[in-house]
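Chemist: Before we start, here is the structure in question, set down as structure tokens.
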Amino acid sequence: MAFIHLDIRCLYTLLLCTAFGSTLSSNAEIKVNPPQDFEIVDPGYLGYLYLQWQPPLSLDNFKECTVEYELKYRNIGSASWKTIITKNLHYKDGFDLNKGVEAKIHTLLLGQCTNGSEVQSSWSEATYWISPQGNLEAKIQDMDCVYYNWQHLLCSWKPGMCVHSDTNYNLFYWYEGLDHVLQCADYIKANGKNIGCMFPYLESSDYKDFYICVNGSSESQVIRPSYYIFQLQNIVKPLPPDYLSLTVKNSEEINLKWSIPKGPIPAKCFIYEIEFIEDDTAWVVWILCLFEKIMNIAF
């Protein structure tokens, strides 16, 4: 009769390796497909795009798993990707339509069916371009938008460098909350040509992406459109103080006093800039982060 002697340490190692190998083998066999029908859809909101997809095939096999999607997107040429992890089948964001858009998405599995590890699918990819039409030098130049006193938005531009005499420009805008894209109703004109727009009251437009497209019309050439995205609170230009008084206290000190500008901007948001000159010397500029409306200057 033959006897087999197996050291208990070898038996433990054998069992451990067998169990670990089984886990690796089990996880290695788990595969999930990427999302289906991934696409970038332009609803016509001047840069606000929809990224949407359908669940992957054979998802019924993973009912005990948490299914999520990792979405990465950017304007083509950007240095970094924006990354979103979601359980939804769609996502919306704003893009610069002067450039192309690229996005990719894959499926993530977590839960009991993966033994606690994360399983990823391969990537699905999509791109979106607006086909460039028209002469690049015919598009507008030097677009400038200012939100005066957080109340009145005004945008102005210069004509393109290579445009014919019959060329004119039109401005369209949209932000989340509007049902559809609107055209400027009050153009600023010079020599009969549109060179700017005075916007109406913009209800509930703060802290949202504001989208603008300026295109043109001409019987003799196609005008390249220009797209812009900004948020109104970032381009506010406040009014100056309504009142400023200067009092000489003595030969070495003066007292300045001013009023807070009128309008909807909270007083805590203001930074004041004071310029003064003495005895025809160079101007001195002070930028003050003050809540007060009074200041003493010593010479």
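The values are calculated or read from the model by the stated rules, or taken from the named source; none is laboratory data. Please read these numbers as outputs of a predicted model, since none were measured by experiment. Every residue, glycine as well, gets a Cβ built from its backbone with ideal geometry; the counts of neighbours run over all protein chains shown. Quick note on the areas: whole protein, heavy atoms, side chains included, nothing else; ligands and nucleic acids left out. Shrake-Rupley method; radii C 1.70, N 1.55, O 1.52, S 1.80 Å.
Chemist: Being closer than 23 Å to Asn215 by Cα and open to solvent by 50 Å² or more (accessible area, probe 1.4 Å) is the filter here, so list the residues in segment 129-153 that pass it.
Modeler: Scanning segment 129-153 gives Trp129, Ile130, Ser131, Pro132, Gln133, Asn135, Leu136, Glu137, Gln141, Asp142, Asp144, His152.
Chemist: Follow-up. For segment 109-119, does any single residue satisfy the condition of being open to solvent by less than 50 Å² (accessible area, probe 1.4 Å) and either of a type in the set (Ser, Thr, Tyr) or at pLDDT 95 or above (or both)? Can you show your working first?
Modeler: Looking only at segment 109-119, we keep the residues that are open to solvent by less than 50 Å² (accessible area, probe 1.4 Å), and these are 109, 111, 113-114, 117, 119.
Retained after the next criterion (residues that are either of a type in the set (Ser, Thr, Tyr) or at pLDDT 95 or above (or both)): 114, 117.
Yes, segment 109-119 contains a residue that is open to solvent by less than 50 Å² (accessible area, probe 1.4 Å) and either of a type in the set (Ser, Thr, Tyr) or at pLDDT 95 or above (or both).
Chemist: Assuming Ser165 fulfils every condition listed in (1) in a loop (DSSP other than H, G, I, E, B); (2) at pLDDT 95 or above; (3) polar (S, T, N, Q) apart from one, which condition is it?
Modeler: So Ser165 meets the others, but not (2).
Chemist: Conditions first: (1) acidic (Asp, Glu); (2) in contact (Cβ under 8 Å) with a residue 40 or more places away in the chain; (3) out of contact with any helix residue (DSSP H, G or I) (no Cβ under 9 Å at 6 or more places or on another chain). Glu64 passes all but one, so which condition is the exception?
Modeler: Looking at each condition in turn, Glu64 falls short on (3).
Chemist: Which numbered condition trips up Cys213, out of (1) within 24 Å of the chain's Cα centre (by Cα); (2) open to solvent by 60 Å² or more (accessible area, probe 1.4 Å)?
Modeler: Just one mismatch for Cys213, condition (2).
Chemist: Give me the pairs: first residue in segment 89-108 and part of a loop (DSSP other than H, G, I, E, B), second residue among the aromatic types (Phe, Trp, Tyr) and surrounded by fewer than 16 Cβ atoms within 10 Å (Cβ to Cβ), beta-carbon distance under 8 Å, and six or more apart or on different chains, which are they?
Modeler: Close Cβ pairs (under 8 Å, with a partner that is among the aromatic types (Phe, Trp, Tyr) and surrounded by fewer than 16 Cβ atoms within 10 Å (Cβ to Cβ)) amount to Gly100/Trp129.
Chemist: Determine whether segment 171-183 contains at least one residue that is β-branched (Val, Ile, Thr), open to solvent by 50 Å² or more (accessible area, probe 1.4 Å) and at negative phi.
Modeler: For segment 171-183, residues β-branched (Val, Ile, Thr), open to solvent by 50 Å² or more (accessible area, probe 1.4 Å) and at negative phi: absent.
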